[in-house]
Amino acid sequence: MPGSPDVASGRIDRRLAPIARPLLGTPAARFVAYLGICAAYIQGGIDKLTDFPGAIMEMTHFGLSPAPLFAGYVIALELGASLMILSGWLRWLGAIGLAGFTLMATFIALRFWEMPVGPERFMAANSFFEHLGLVGGFVLVAWVDLQADRGWGRAV
């Protein structure tokens, strides 16, 4: 049907995709996207590395013991997996590592369902679901990378 949403979206795609593709379809754009999704983990890893006693206190706050071991593990994972994603070396594995870490950390740190109703609960719930979005982003990074390995896509 000429007025259907499918037809309209097809027209939009044919007009806008050729404009967007030269910018967003570049290796530089993909690298910036990878850098964006890893930015919080790079910053967190560097902060923990430069303030190891603070990292230990953070692990203790969340009930993780032995705290120094967990702090070291988190630093290595945040920085190592980010480097894997940015460099392209076993990108899918780094992405799955950060997806799993983010999912576990979200359930440990953002238990909004245990909080009384109010602004703090609202903020924790928002952050919880934002972190689930990050998990989805990392799974997508892994999926794209694995598809490229099978000749179904192109990894950069």
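Helix check for the chain. Which DSSP H runs span at least 27 Å along their own axis by Cα, with a mean Kyte-Doolittle hydropathy no less than 0.5? Don't jump to the answer; show the numbers that get you there.
Numbers: long enough: 27-50 (31 Å, 0.75); 67-87 (29 Å, 1.68); 119-149 (45 Å, 0.62).
What comes out of the filter, once short or polar helices are dropped, is 27-50, 67-87, 119-149.
What's the local net charge at L140, with K and R +1, D and E -1, over the other residues with C-beta under 14 Å away? Don't skip to the answer; put the middle values down first.
Working: positive: R30, R91; negative: D145.
Result for the local shell: +1.
Where the only charges are on Cβ atoms (+1 Lys, Arg; -1 Asp, Glu), what is the dipole of the chain about its Cα centre, to the nearest 20 debye?
Working: 11 positive and 11 negative charges, 145 e Å.
That gives the chain a dipole magnitude of about 700 debye.
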Selection from F62, A8, I85 lying farthest towards where the dipole of the chain points positive, charges on Cβ: A8
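By the scheme Lys and Arg +1, Asp and Glu -1, what is the net charge of all other residues having a beta-carbon under 15 Å from that of I19?
Details: positive: R11, R14, R15, R21; negative: D13.
With Lys, Arg at +1 and Asp, Glu at -1, the net is +3.
Based on the mean of other beta carbon atoms within 10 Å per residue, what is the order of 68-80, 103-115, 41-53, 11-23, most packed first?
Descending packing order for the listed peptides: 68-80, 41-53, 103-115, 11-23.
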Segment H61-A148, extension gain: residue separation times 0.36 nm, minus the distance between their alpha carbons: 27.2 nm
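Taking the alpha carbon gyration tensor of segment 22-149, what are the square roots of 5 times its eigenvalues, largest first, to the nearest whole Å?
Details: eigenvalues 149, 74, 31 Å².
Result for segment 22-149: semi-axes of 27, 19, 12 Å.
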Positive minus negative residues near G45 (Lys, Arg vs Asp, Glu; Cβ under 14 Å): -3
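So for the chain, averaging the separation of alpha carbon pairs under 8 Å that are six or more residues apart and normalising by length, what relative contact order in percent results?
Details: 135 pairs, mean separation 28.2, N = 156.
Once divided by the residue count of the chain, the mean separation gives 18 percent.
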Listed residues V117, V32, V144, most fluctuating in the chain (Gaussian network, C-alpha, under 10 Å): V117
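Just so you know, all these numbers are worked out from the coordinates, no wet-lab data involved. Fair warning: this is a prediction, and the values are worked out from it, not measured in the lab. Every residue, glycine among them, receives a Cβ derived from its backbone with ideal geometry; neighbour counts consider all protein chains shown.
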